[in-house]
Amino acid sequence: MSHIDDLVRRLCPSGVEFKTLAEVTVRGSNIRWSNAGDNEFQYIDLTSVDRTTRKIGETATITRNNAPSRAQQIVREGDVIFATTRPTQMRWAIITAAFDGQIASTGYCVLRPIQKEVLTNFLAHLLGADRFRRFVEEKQVPGNYPSIPDSRVRDFKIPVPPIEVQQEIVRMLDAFSKLEAELEAELEAELEARRKQYTFYRDQLLTFTERERERETDQVGEND
């Protein structure tokens, strides 16, 4: 942290400026299905993003003939998408090269960082912070399906230090995220081994009928 503090003191002598998301991102565009021809697209709906890994998983292949009404937003590599339906679930992800040019549901707020202002990964880490979660809880519209308008998401203010500072923060947080993922994988492997061990001993210990039959056979043999 001292290195980052030194960078901030050197590069931001007057302090770090805060800006709204609207000031540091641009809006994407919507697809015109009438001009899409026979092209196929991967559709990122609200269930496509894993809330734990923040990765895009299963998507549907759509064309202009079967596209759902909410399949409208063209996403680009480096975009950050945040689900505005049931927003306190904090469902967000970075658009990778594999989904460049694909289609996202209108249930997402698509944030396209202005790169001279904010880095994609820096923005993503900010969306994962408690301060943003509290903002969403306060600003969401309650109901059976709580939601938060895109405009309110874009009103959220974030710190915007110089890019050099952002790069260092991202480097550190990415390292922590990688370590966490590795530890989770190790723990999952250990847990799976324990599950198999439990299953083995459960099956052995609960097969009373077989053990009793073996014991009876042994006793008959001894009596003979």
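Coordinate-derived values only; no laboratory data. The model shown is predicted, which means the values in this text are computed figures rather than measured ones. So basically every Cβ, Gly included, is an ideal-geometry build from the backbone, and we count neighbours across all protein chains shown.
Just a few scattered comments:
- Computed about the Cα centre, the dipole magnitude for the chain is approximately 1600 debye when only Lys and Arg (+1) and Asp and Glu (-1) carry charge, each at its Cβ.
- Förster radius 30 Å - calculated FRET efficiency between Ala97 and Phe200 (Cβ-Cβ, nearest 0.05): 0.10
- Look at the alpha carbon pairs under 8 Å that are at least 6 residues apart: their mean separation over the length of the chain gives a relative contact order of 22 percent.
- Among beta bridges that DSSP assigns inside the chain, antiparallel share in %, nearest 5: 90 percent
- Sequence of Val26, Val170, Val80 once ranked by neighbouring C-beta atoms within 10 Å, starting from the fewest: Val26, Val170, Val80
- Gaussian network model of the chain, springs between alpha carbon atoms under 10 Å - residue of Ile56, Ile114, Ile103 with greatest fluctuation: Ile114
- Likely footprinting exposure, Ser14, Ser105, fewest C-beta neighbours within 10 Å first: Ser14, Ser105
- Highest-fluctuation residue, Ala185, Ala22, Ala83 considered, GNM on the chain with Cα pairs under 10 Å: Ala185
- With the simple model of a label 7 Å out from the Cα in the direction of the Cβ, Gln115 to Glu184 spans 2.9 nm.
- Label point distance in nm, Thr88-Ser34, each placed 7 Å from Cα along Cα→Cβ: 4.2 nm
- For segment 1-101, trypsin sites (Lys or Arg not before Pro) are listed when DSSP marks them as loop and at most 13 other Cβ atoms sit within 10 Å of their Cβ; the list is Arg27, Arg32, Arg51, Lys55.
- The stretch between Glu164 and Ser147 holds 2.6 nm of extra length on full extension. This uses 0.36 nm per residue minus the Cα-Cα distance.
- Once Rg and Dmax of the Cα atoms in Å is calculated for the structure shown, the corresponding label among (1) 26.1, 98; (2) 16.6, 54; (3) 17.1, 59 turns out to be (1).
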